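Q: Mind looking over this structure? Questions follow.
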């Protein structure tokens, strides 16, 4: 507790107390009346006093009550205020800036939980630096924003203005709430703040004050050291309801690539089922609305863990011949509008461009021509290598390169369907030839095996291999893998370690389906149906073509991230820490649009927690409650108490007379 | 301030008092023949008893008829008729100079009225005034023609000083005024109580009537005393500071009741008749009704 104006209280006490005591010492001025005898009066009255101007100060309940009233009033004039917790020492303020802190369920004039948390933190800083008459020590405060990547907004400082400015500078991000990394940041700062004390027997105590809604995903990883104490300041309402569009996906019509169908997964964290209307927006314009509200089930506890209600919906197919930005979003916002929509960037459809390595390969040419590609170019392995060496983009200009037997010596970056001995292929190790292999197992759900039956496949001879780079066997033979995929950073491979002519596969219908699936699967890496949304907090790699080019990423909310391309012509712009669409542009010229998705369904849960459970410590940190405001004025209570005491004194006085 | 005798006793009341007489519960031996029976055998016409003749008796009282029948000498005894001694002890202290009506005026009017009754009935009337250290007396009054003298003496008395009741009663007991009815008129605000004074007068053959005269404001002080007041004792001059609250008024009333009860108990123990009267009580009612009912007058 501190006193804002103790001098006034002391002056009031000092100036009123002597007159009050004097009133009890000095006798009253009375009217003089002569009576026949005072014999009876002397014994009948209780307030008779000796005939002297002063009397000994006697104990009186009234005097006691008046002294109490006087003390209460003097204390009220001194304006005491209660503090939230200890004052001096080191305090690290953790302000949650995650997605859930954008919820608009706080009282007062604060637009969001983050703003309320910032205000509470600012008040706490003021309280820690309140000074006061009795407590002059101020705290050393560090400000850390967590949520997504934690950031030190201000190191340990004794200046309240600096700490307050650091709090005010915190901007919302849409990442997940992770506290453990933020604590590690503070510990690092403590260790480097005074290296001489690193080996001290008793580390300095530090108070972690967390301003959050309590929905922290990594609480299990938080363990406090003996010198650390955690204070939780809960922000937000416990009964807030939120639903979100967790993800969106697209399916292209195989008959008409211009037609796409959007799929969306919705989640609901409320305790009661609800309904929501969903619309599909293309390039900012509503394009489709679901004919009826979507019934969303309530959240339920499964195995002791609360799980959100989930539902998947699909929109009617729409034509996107030119591509576009597709977003599924609720028509009515809830307490957390930030996750009410999910977007995807859909590029325009593109025809297949294929290359076939090896001349007069009738079987593969026939198979590829059946796919009706826009182009099918044939090269020898040497020609392909030479062209690729001359033009780095040459090999990647094909949606798929199909080869049988003869592979380029150094496989340029690109997408390949390889039949034959894969010796020398990057990411593949071979172990000699095998004979007489039959299929013993498949990854039946893999896209390459759609409508492909390999039960009757018999391979006369093949090469034993192991895919070492992000590989996966999709057909397992009795003597080793018969088909595998490898998805590397620069190469995507489908490897069949035998010549089809050494098996009975070309005579089976599944062979054509396999080739078709493999080509389509490889092509999806070059011309995906959608551009995969970025994880929130990631940075975007932009090929500017030349150094010194300014690249900016502009979020739909106005947030801007800028970068300049380096010597290699690449620019890394970011972090893209807001959900939604980012326009990547160079000097005002749009380059592309990038969609950023949310951190996951857990961050959409916004019912504020009243306590922080720390499983690793077996403890629960209760919220500091109203004391988040730092100081609370006590003078109204003192004034109320003094009035009550006056009433008691009056009652006592009437009881006496 | 009364200046005339008729202010003490007006003619209308005087006429009504002619029918009254002072009653004594005891039979006294007076100094001269009066109109009351005496325990002393005397020469009145009322026969009392016989006793054998002894030499030296007055032969005029020998009953010769009995001598004729019994041949023995008996002496006839007759009741002696004596006068009644009616004494007043009047408190003339400063405390009696208070009240509305003034207590001192009231006791003088009462003494005048009772004295008139005594004089009319051939009683021997005497007055003693006590105030401070002084004792003033007027004795030996008898007969209607002394009424004016009594009135003028009462008018000339002044209040002042304290009233030492014990000393006053000792003075009365040793004053040689003979036996009779003693009426003490005072407010009896006695710090030491009345017991010592009553003990001094008891056994001296007086038929004592103690009449406590209180002013209305002494019985009901709330009518004149309000707020925070400083009360000064009129006799002693000692101050007492009092806040006139209902609780204090109640306490005073209770204390007055206790004081009166103590006086009454002390009086009963000494065979004294105690009465309390208010000074605003009409004299007619007091004399014709109240005192008759209490046995002082008939």
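Q: Just checking: which of the helices (runs of 4 or more DSSP H) contained wholly in the stretch A:1-106 hold 1 or more residues that are modelled with pLDDT under 75, surrounded by fewer than 21 Cβ atoms within 10 Å (Cβ to Cβ) and within 14 Å of chain B (Cβ to nearest Cβ)?
A: Correct list: A:6-25.
Q: Restricted to the stretch B:211-237, and to residues that are buried (at least 23 other Cβ atoms within 10 Å of the Cβ) and part of a helix (DSSP H, G or I), which residue is nearest to the other protein chains (Cβ to nearest Cβ)?
A: Selected residue: B:218.
Q: Sticking with this structure for a sec: In the list A:391, A:421, A:372, which residue meets the criterion of being assigned by TED's automatic domain parsing to the domain that holds residue A:502 and within 44 Å of the chain's Cα centre (by Cα)?
A: Only one candidate passes the filter, namely A:391.
Q: Then there's this: Just checking, does the stretch B:264-276 include any residue being in contact (Cβ under 8 Å) with a residue 60 or more places away in the chain, buried (at least 16 other Cβ atoms within 10 Å of the Cβ) and either within 7 Å of another protein chain (Cβ to nearest Cβ) or in a helix (DSSP H, G or I) (or both)?
A: There is at least one residue in the stretch B:264-276 that is in contact (Cβ under 8 Å) with a residue 60 or more places away in the chain, buried (at least 16 other Cβ atoms within 10 Å of the Cβ) and either within 7 Å of another protein chain (Cβ to nearest Cβ) or in a helix (DSSP H, G or I) (or both).
Q: If you don't mind, there's one more thing I want to ask. When you check residue A:146 against the structure, is it in contact with a helix residue (DSSP H, G or I) (Cβ under 6 Å, 6 or more places away or on another chain), crowded, with 17+ Cβ neighbours inside 10 Å, under 26 Å from residue A:620 (Cβ atoms) and modelled with pLDDT of 80 or more, yes or no?
A: Yes; evaluated as a whole, the condition is true for this residue.
Q: Could you please find all residues in the stretch A:383-405 being surrounded by fewer than 16 Cβ atoms within 10 Å (Cβ to Cβ) and within 21 Å of residue A:483 (Cα to Cα)?
A: If the condition is that a residue be surrounded by fewer than 16 Cβ atoms within 10 Å (Cβ to Cβ) and within 21 Å of residue A:483 (Cα to Cα), then A:405 is the only one that fits.
Q: Looking only at strands (runs of 3 or more DSSP E) that lie completely in the stretch B:88-201, which have at least 1 residues being closer than 16 Å to residue A:36 by Cβ and either within 14 Å of another protein chain (Cβ to nearest Cβ) or in contact with a helix residue (DSSP H, G or I) (Cβ under 6 Å, 6 or more places away or on another chain) (or both)?
A: Per the criteria, B:124-131, B:181-186.
Q: Same structure again: Run down B:131, B:193, B:143, B:197 and say which single residue is closer than 26 Å to residue B:255 by Cα and surrounded by fewer than 19 Cβ atoms within 10 Å (Cβ to Cβ).
A: Only one candidate qualifies: B:193.
Q: Return the total of residues in the stretch A:424-438 being free of Cβ contacts under 8 Å to residues at least 60 places away in the same chain and under 46 Å from the mean Cα position of the chain (by Cα).
A: So the answer is 2.
Q: Also, quick follow-up: Based on what the data block shows, is residue A:304 over 24 Å from residue A:596 (Cα atoms) and in contact (Cβ under 8 Å) with a residue 40 or more places away in the chain?
A: For residue A:304, the condition - over 24 Å from residue A:596 (Cα atoms) and in contact (Cβ under 8 Å) with a residue 40 or more places away in the chain - is not met.
Q: Given A:552, A:478, which one is over 30 Å from residue A:172 (Cα atoms) and either under 28 Å from the mean Cα position of the chain (by Cα) or surrounded by fewer than 19 Cβ atoms within 10 Å (Cβ to Cβ) (or both)?
A: Residue meeting the stated conditions: A:478.
Q: Run down B:242, B:208 and say which single residue is in contact with a strand residue (DSSP E or B) (Cβ under 7 Å, 6 or more places away or on another chain), in a strand (DSSP E or B) and within 11 Å of chain A (Cβ to nearest Cβ).
A: Selected residue: B:242, the only one of B:242, B:208 that is in contact with a strand residue (DSSP E or B) (Cβ under 7 Å, 6 or more places away or on another chain), in a strand (DSSP E or B) and within 11 Å of chain A (Cβ to nearest Cβ).
Q: Name the residues in the stretch A:599-618 that are outside any loop (DSSP other than H, G, I, E, B) and under 11 Å from residue A:219 (Cβ atoms), would you?
A: Listed by number, the residues that qualify are A:611, A:612, A:613, A:614.
The values are calculated or read from the model by the stated rules, or taken from the named source; none is laboratory data. What you are looking at is a predicted structure, and each value in this text was computed from that prediction instead of being measured. Here Cβ is always computed from backbone atoms with ideal geometry, including for glycine, and neighbour counts include all displayed protein chains.
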